[in-house]
Structure formats: C-alpha cells, structure tokens
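Undergrad: Structure incoming, see below.
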Amino acid sequence: MNSKPTHKPDITELTKKELTQWVKEHELKLYRAGQIMRWIYFKHAASFDKMTDIAKKTRQLLIDHFIFSHLHIQQIATSEDGARKYLFRLKDGNFIETVLIPEKNHYTLCISTQVGCAMGCRFCMTAKSGLIRNLTQGEIIGQILGIAKNITGKKQLTNIVLMGMGEPLANYDNVIRAIDIITDPDCGMQFSTRRVTLSTSGLIPKFHELGRDTKINLAISLNATDNRTRNMLMPINKKYPIEELIDACSRYPLAPRNKITFEYILIKDINDSMADADRLAKLLRPVKAKINLIPFNEHPESEFKRPDESVILSFQAVLHNKNYTAIIRRSKGGDISAACGQLCAKNIKESANPAPRYSVSESP
Ligand code: SAH
Ligand code: SF4
C-alpha cells in the first residue's frame with residue numbers, strides 16, 4: 001500500500017486508530033501517529049512543513065498522501081458583550097456558525113454538527129432550512145482548530161458545547177469521532193470530558209450508545225412541561241414524548257456528582273407560567289438535573305416573544321424554592337443574532353442584498 005493515492009483524504013478526517021493503521025502500513029514507527037496528531041490538534045501546526053521534529057522524508061510522505069485543509073472564515077461578527085460569531089464557508093459553499101463566548105475566567109466555544117437541521121423546532125432559525133447535510137469529523141473539529149489558534153492572552157478556551165447548528169445525535173458517528181479527538185488526553189485536543197457538553201432535542205434511541213461511547217456531559221433541550229406544548233414547539237416530541245425522555249434521562253449513566261442539564265427556552269405566554277415552573281420541578285424529580293433558563297432570543301422569522309424580566313425571575317424563584325440549580329442563560333451576542341442559525345440565514349439573504357445590519361469584520 002505504498003503507492004500514492006489519486007484522491008487525497010484530509011488528515012483531520014482520520015481517527016487515531018486510522019492514522020495508526022496508515023503509519024503501520026507505511027512502515028513508520030507507531031509513535032509517529034501520536035506525534036503527527038499532537039502537531040495538528042495541540043500545537044496547531046499550519047501545515048505538514050511546520051512539523052519540525054518529523055523527518056523530511058516522512059513529511060513528504062504525508063504530503064503525498066493527505067491534504068491538511070483549514071476551514072475558511074467568511075465573516076466574524078463581534079457583539080457588544082464580547083461574544084464572537086464566526087461564519088465558516090465549507091468547501092461545497094455551505095455555511096456554518098460557531099460562537100466564541102467569553103466567560104469570567106475562560107472561553108466556551110459553541111460548535112455546529114450539521115448544515116441545517118431536520119428537527120423542525122418552531123422557535124429555531126436553523127430549522128428553517130431543513131437538513132442540508134451532516135458535517136464530517138474534520139469539519140466539526142475544524143471549527144475548534146480555526147478559532148483556538150487565534151486565542152491569545154490569559155483566558156483560555158477550556159469548554160466546548162455541541163449546541164450550534166444541527167442535532168448532534170442525528171450525525172452520531174461523525175460526532176463521536178470528533179469527540180474522541182477533542183477529548184483525547186494524549187494526542188488530541190486534550191479537553192476534559194467534564195468540560196464538553198452535547199445538547200440534544202431528545203433522540204432517545206441514541207442515548208444508550210452515547211452513555212457507552214463517551215463520558216462528556218449531556219444537555220437536553222426540553223422547553224416545555226406538557227406534551228401538547230412540546231409537540232407544537234419541537235415535533236420530535238410526537239415520536240419521543242416527555243415521559244419517555246425523562247425516563248431515558250433517569251437511566252442515563254452519569255458519573256458521581258454529575259448532572260444532566262435541561263435547557264428551557266422561556267417564551268412569552270407559551271411555557272412561562274408559574275404552573276409550568278411547578279410542573280418542571282415535578283417532572284425532573286427522577287433525574288439528577290440542573291436547569292438552564294434561556295430567555296427566548298427574538299428574531300424576525302418567529303412569532304414568539306421573550307417574557308418580561310419579572311416573569312423570568314419569578315420562574316427561576318419557583319425552581320430555586322424547590323432546590324434546583326436554575327441559571328438564567330442570557331444568550332450572549334443578541335445584537336449579532338448569536339442564537340442558533342441566525343447569522344447564517346442573514347448571510348445567505350444578504351449575499352443577494354449585501355447591506356449588513358450588524359457590525360462585522362470581513363475575514364481576508
Ligand atoms: N439541536 C440540539 C443542539 C443545539 S440547538 C438541541 O436542540 O439541543 C441550539 C440551542 O439553541 C438549543 O438549545 C435551542 O433550544 C437554542 N435556541 C434555538 N433558537 C433559539 C432562540 N431563538 N432563542 C434562544 N435559544 C434558542
Ligand atoms: Fe435542530 Fe436544535 Fe434547532 Fe431543534 S433547536 S431545530 S434540534 S438545531
């Protein structure tokens with residue numbers, strides 16, 4: 001298998017096992033696989049040429065067999081609160097979004113797993129395009145590579161959330177391949193599994209595999225406390241109703257002291273009543289749960305509104321009184337449409353009518 005391939009795969013599409021196999025087939029020392037991976041994922045080498053402790057002959061072998069491409073940053077939009085939204089253009093011309101969120105002592109990066117989404121949630125901008133395609137392993141980790149290398153200063157990127165465009169569990173294999181590299185403590189990106197969170201709309205049949213294949217945190221987009229409302233907001237609920245979802249969560253294998261995060265978008269007059277707060281508290285009793293309350297991020301394509309501040313605080317107070325951890329997650333970057341799918345939709349529209357209504361810097 002020493003002949004040069006006609007179609008060269010991207011090296012970021014390979015798992016550690018696959019690269020090790022390639023190294024074996026080319027009669028290189030086995031430790032080379034880890035060394036190459038550390039250059040790509042930890043030291044952020046820009047090209048094979050930069051891998052200076054690898055012999056020239058071996059680097060040439062890599063160049064002959066692989067490409068090493070990087071995602072193209074089409075636009076960066078910076079919010080007043082510091083959140084930065086990156087719009088990546090993929091090789092086939094599709095766009096995806098990634099949001100870098102500054103927290104007190106670190107950065108969190110919110111990454112996408114699909115172009116569009118098939119789940120059809122009524123409040124979500126990404127749903128409007130339907131599913132266009134799954135992202136590959138290389139495109140999922142490429143978002144982190146494209147941004148991490150530009151982070152300088154004391155604050156480090158320590159947290160990854162799979163909460164951008166798409167339903168991660170509907171692209172299971174590529175997502176797991178990417179997570180393996182993101183959390184590989186030896187030659188991958190070395191993120192702690194405790195600092196990586198996957199958010200799902202509730203594809204219950206995949207929970208078993210997920211609990212078996214990885215130790216990262218699980219978040220559930222719940223958003224309603226009764227099936228009628230959840231059916232309306234999230235059509236997947238018709239297939240996997242609330243009771244089944246909660247039951248699956250209660251059986252999910254959690255590390256000691258770990259909890260499942262339940263995301264609850266607060267939408268005015270839809271799911272924000274005090275009766276909802278009571279029901280939510282009752283519903284989550286069987287689960288080791290914490291709650292993120294997300295005031296709805298309004299956008300022109302949606303009929304929904306954000307509740308008044310007093311309602312948001314009262315909703316939280318009910319949950320606190322029932323001894324839940326309930327954090328209000330004000331989605332950062334509201335002024336740059338940082339909620340899922342919004343910049344992407346704008347960009348597609350504005351390429352027909354290029355007059356940005358928000359502050360962006362064009363990437364070279
Ligand atoms: N598909 C997965 C992954 C994240 S979707 C899931 O549904 O869990 C992106 C996240 O953004 C979800 O938590 C969703 O509830 C939230 N979201 C989408 N549109 C929003 C909006 N307009 N305002 C606030 N949050 C929104
Ligand atoms: Fe898809 Fe999540 Fe948006 Fe629902 S909320 S349409 S599952 S991306």
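The values are calculated or read from the model by the stated rules, or taken from the named source; none is laboratory data. Because the structure is predicted, anything quoted here is derived from the model rather than measured. Counting neighbours? That spans all protein chains shown, and the Cβs are built from the backbone with ideal geometry, glycine included. Note: accessible area is taken over every heavy atom of the protein model, side chains too, but ligands, DNA and RNA are not part of it. Shrake-Rupley method; radii C 1.70, N 1.55, O 1.52, S 1.80 Å.
Undergrad: Kindly provide the helix-only [θ] at 222 nm of the chain, computed as the sum of -39,500 (n - 2.57) over DSSP H runs of four or more divided by all residues, to the nearest 500 deg cm²/dmol?
TA: -9000 deg cm²/dmol
Undergrad: Any idea what the alpha-carbon Rg over 2.2 N^0.38 Å comes to for the range 51-149?
TA: Compactness ratio reported: 1.33.
Undergrad: So, one more: To the nearest 10 degrees, how steep is helix 137-148 against the longest Cα principal axis of the chain, on a 0 to 90 scale?
TA: Helix 137-148 sits at roughly 90 degrees to that axis.
Undergrad: Subtract the Cα-Cα distance of D226 and T193 from 0.36 nm times their separation in residues, and report this length gain in nm to one decimal.
TA: Value of the extension gain: 8.7 nm.
Undergrad: In addition: Could you compute the FRET efficiency for K56 and R257, with r as their C-beta to C-beta distance and R0 at 51 Å, rounded to 0.05?
TA: 0.55
Undergrad: Compute the FRET efficiency between A46 and K238 as 1/(1 + (r/R0)^6), taking r as their Cβ-Cβ distance and R0 = 45 Å, and round to the nearest 0.05.
TA: E between A46 and K238, to the nearest 0.05, is 0.40.
Undergrad: Now for a different question. Probe of 1.4 angstrom, ligands and nucleic acids ignored: what's the accessible area per residue over the range 72-349, in square angstrom?
TA: 42
Undergrad: Still on this structure, I have one more. Toward the positive end of the charge dipole of the chain, about the Cα centre and with charges on Cβ (Lys, Arg +1; Asp, Glu -1), which of Q35, Q114, L203 goes farthest?
TA: Q35
Undergrad: Starting at 0 and stepping by 5 Å, how many percent of the alpha carbon pairs of the range 92-241 end up in each bin?
TA: With a bin width of 5 Å, the distribution comes to 2, 9, 18, 22, 20, 15, 9, 4, 1, 0.
Undergrad: Taking amide H atoms as placed 1.01 Å from N in the peptide plane, list the residues 5 or more away in sequence, or in a different chain, whose amide H sits under 5 Å from that of Y107.
TA: Under 5 Å from the amide H of Y107: Q156, L157, T158, N159.
Undergrad: Just to be sure I understand the model, the point goes 7 Å from the Cα along the line to the Cβ. What's the resulting D173 to E298 distance in nm?
TA: 4.5
Undergrad: If ligands, DNA and RNA are left out, what is the accessible area of R195 with a 1.4 Å probe, given in Å² to the nearest 10?
TA: Counting only protein heavy atoms, R195 exposes about 100 Å² to solvent.
Undergrad: Right, next: Give the Rg (one decimal place) followed by the Dmax (whole number) of the range 227-301, computed from C-alpha coordinates and expressed in Å.
TA: Radius of gyration, then largest Cα-Cα span, for the range 227-301: 13.4, 43 Å.
Undergrad: Each residue of the range 20-25 in order: what ³J(HN,Hα) in whole Hz does its phi give by Karplus 6.51 cos²θ - 1.76 cosθ + 1.60, θ = phi - 60°, with x for Gly and Pro?
TA: Residue by residue, the range 20-25 yields 4, 4, 4, 4, 4, 4 Hz.
Undergrad: May I ask you to evaluate 6.51 cos²θ - 1.76 cosθ + 1.60, the Karplus curve with θ = phi - 60°, for each residue of the range 275-290 and list the ³J(HN,Hα) values in order in whole Hz, giving x for glycine and proline?
TA: 5, 4, 4, 4, 4, 4, 4, 5, 4, 8, 3, x, 10, 7, 10, 10
Undergrad: Only Lys, Arg, Asp and Glu count, each charged at its Cβ (+1, +1, -1, -1), so figure out the dipole size of the range 93-166 about its Cα centre, rounded to 20 debye.
TA: Using Cβ point charges on Lys, Arg, Asp and Glu, the range 93-166 gives about 140 debye.
Undergrad: Of the accessible area of the chain, with the probe set at 1.4 angstrom, what percent is carbon plus sulfur?
TA: 52
Undergrad: Using the Cα atoms of the chain to build a convex hull, what is its mean projected area in square nanometres?
TA: 19.4
Undergrad: Then there's this: For E167, E303, E13, write out the residues from largest to smallest accessible area, computed with a 1.4 angstrom probe and no ligands counted.
TA: The residues order as E303, E13, E167, largest area first.
Undergrad: Determine the dipole magnitude for the chain: charges of +1 sit on the beta-carbon of Lys and Arg, -1 on that of Asp and Glu, nothing else is charged, the reference point is the Cα centre, and the result goes in debye to the nearest 20.
TA: Around 840 debye, computed over the chain.
Undergrad: Please list, in order along the range 185-199, the HN-Hα scalar couplings obtained from phi with the Karplus expression 6.51 cos²θ - 1.76 cosθ + 1.60 (θ = phi - 60°), rounded to whole Hz, x for Gly and Pro.
TA: 3J(HN,Hα) across the range 185-199, in whole Hz: x, 9, 10, x, 7, 6, 7, 5, 4, 5, 10, 10, 10, 9, 9.
Undergrad: Under a plain spin-label model, where a point goes 7 Å from the Cα along Cα-to-Cβ, how far apart in nm are D81 and K288?
TA: Going by the 7 Å Cα→Cβ label model, 2.9 nm.
Undergrad: Can you give the FRET efficiency for E27 and S69, using 1/(1 + (r/R0)^6), R0 = 30 Å, r = Cβ-Cβ distance, to the nearest 0.05?
TA: 0.70
Undergrad: Let me ask something else. Give me the Kirkwood hydrodynamic radius of the range 26-76, using the inverse of the mean 1/r over all pairs of distinct Cα atoms, in Å to one decimal.
TA: About 12.0 Å for the range 26-76.
Undergrad: What does a probe at H106 reach in the range 135-160, counting residues whose amide N is under 17 Å from the point 7 Å along Cα→Cβ?
TA: 144-145, 148-149, 151-160
Undergrad: When all protein chains stay in place, what accessible area (Å², nearest 10, 1.4 Å probe) is found for H208?
TA: 140
Undergrad: How much accessible area does V196 have with a 1.4 Å probe, in Å² rounded to the nearest 10?
TA: Counting only protein heavy atoms, the figure is 0 Å².
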